[in-house]
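Some notes on the structure that comes next.
The numbers here are math on the coordinates, done by the rules we state, and not lab data. In this text the structure is predicted, and so the values were computed from the model without any measurement. Cβ placement follows ideal geometry from the backbone for every residue including glycine, while neighbour counts extend to all protein chains displayed.
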Amino acid sequence: MFFCEIKMIISTDDDNNFSLTIMLPGDGASTKYETNVNVCPDKDHVSTMMVKGSGASRVRVNTSEENRDVQPEDFDLVSHQSLLMEGMNQLRIKEHLLDVKLMAEGRYFKAHRVVLSACSDYFRAMFTDPMRERSQDEIQLSGIDAEGLELVLEYIYTSKLSLDLSNIQTVLSTATHLQILQVIGACSAYLRKQLDMINCVDVITLAETYALPRLRRFAYNYISENFMNLTRQQMNLLTLEQVDHLLGGDYPVNASELSILKIILEWLESAQGASGKVCYSFGFQILHSNLKEQF
């Protein structure tokens, strides 16, 4: 520990700004700090102070509260989130601090309990509630596809999700099982963008299977607007309940009722196990249409 005397010179200009120069002993070098703080403009001020240090000199600059209005400021560093995510992913890649092993279809996936719990209600309940898996190092996930789990884990650690029509169902199934709402929403948005005449019936089936009401209504609207363009093969993919919902729901069909009836009758001829429920539903609509005189 040592003591040394330094000279601090504060000089003001006509605009009430000051420059601070601190002269340190030794080689005559000086360090200059400048800021925009009002001080007494009538004359320059020179003062000396004693600095106590250990190994290196430390200088503390105090400004009178009478000369500046000090306001606190809070910082929200958005980059911290990405930095934290990148750090956790690097720990996973290097297999550091891993504390759980997930098993699906004979494949193993190592992860961190805290990361899984932060992104999934399913894992949060598993690891925080009094469940058997809470104390297990290896957890068997029954009913989950390994490919879907791998893609979902990649999203959890990187926020990146690679979707295509070949993996959309397995990812959606896994995300639904693990209760990861962001992935479910991404799958729903992807299916909306990819909806066309070839996959529209499959999209309806997925929406109904995984309880996606907005996607379901969007797909039914699409089919109703393009009903006359459905092929016989596509019509045969529709179940009795789906056809009944399409006819009984509030979906405007861009075709005459006679044309729709013809298509439905053809569908009934090829549908196995179909009852008269669809015919009744369609006939009820016709009785309340302006075309009932034609029957």
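A few comments on the model shown:
- Scoring 146-153, 81-88, 169-176 by mean Cβ neighbours within 10 Å over their residues and listing the highest first yields 169-176, 146-153, 81-88.
- Nearest-0.05 FRET efficiency for Y251 and T209, computed from C-beta distance (R0 22 Å): 0.65
- Modelled FRET efficiency - R0 22 Å, R192 with A118, Cβ distances, 0.05 increments: 0.20
- Full-extension gain in nm, L240 to S162, via 0.36 nm per residue minus C-alpha separation: 24.7 nm
- Overall dimensions of the stretch 83-194 by Cα: Rg and Dmax, Å: 13.8, 42
- Nearest-0.05 FRET efficiency for L97 and F75, computed from C-beta distance (R0 30 Å): 0.60
- Cβ crowding within 10 Å ranks S162, S259, S117 as S162, S259, S117, fewest other Cβ atoms first.
- Cα-projected label distance for L268 with S142, points at 7 Å along beta-carbon direction, nm: 4.4 nm
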